[in-house]
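Every number here is computed from the coordinates shown, using simple stated rules; none is lab data. Predicted, not measured: the structure shown is a model, and the values here were computed from it.
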Amino acid sequence: MTEDKESKRKKEEPKIDIYRAWCKACGICVAFCPTGSLAKDEAGYPYVKDIEKCISCGWCELRCPDFAITVEEKGKRKRVGEKGEEEEEPRSERIAVAGQ
């Protein structure tokens, strides 16, 4: 039983960022979440209900029409730099090009 608890502690959880200022509370991210990690609050805005259920599939991020939610995959947050120190993994930025 102790091994199960230790393995859960070692398991790196994903990071979900919800930019409430950009969110229009449409609920698409909550509807597409296959594990039920996201839920709506009283005002209809999404929040992370249970981060342990998240499988980092990215459906919420892909479906958000306002780019208001981002998901960092498990185990992808840190990397070892040239000098042997841990560094943040660079994230790809979304760029909207007008006219395309």
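Numbers below:
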quantity: Three-way shape label, the stretch 22-75, alpha-carbon gyration tensor, a/c 1.5; calculated: oblate
quantity: Karplus (6.51, -1.76, 1.60) ³J(HN,Hα), θ = phi - 60°, over the stretch 20-29, in Hz, Gly and Pro reported as x; calculated: 4, 5, 8, 6, 9, 6, 6, x, 5, 4
quantity: Extension gain (nm, one decimal) between Phe32 and Asp66, 0.36 nm per residue minus Cα-Cα; calculated: 10.7 nm
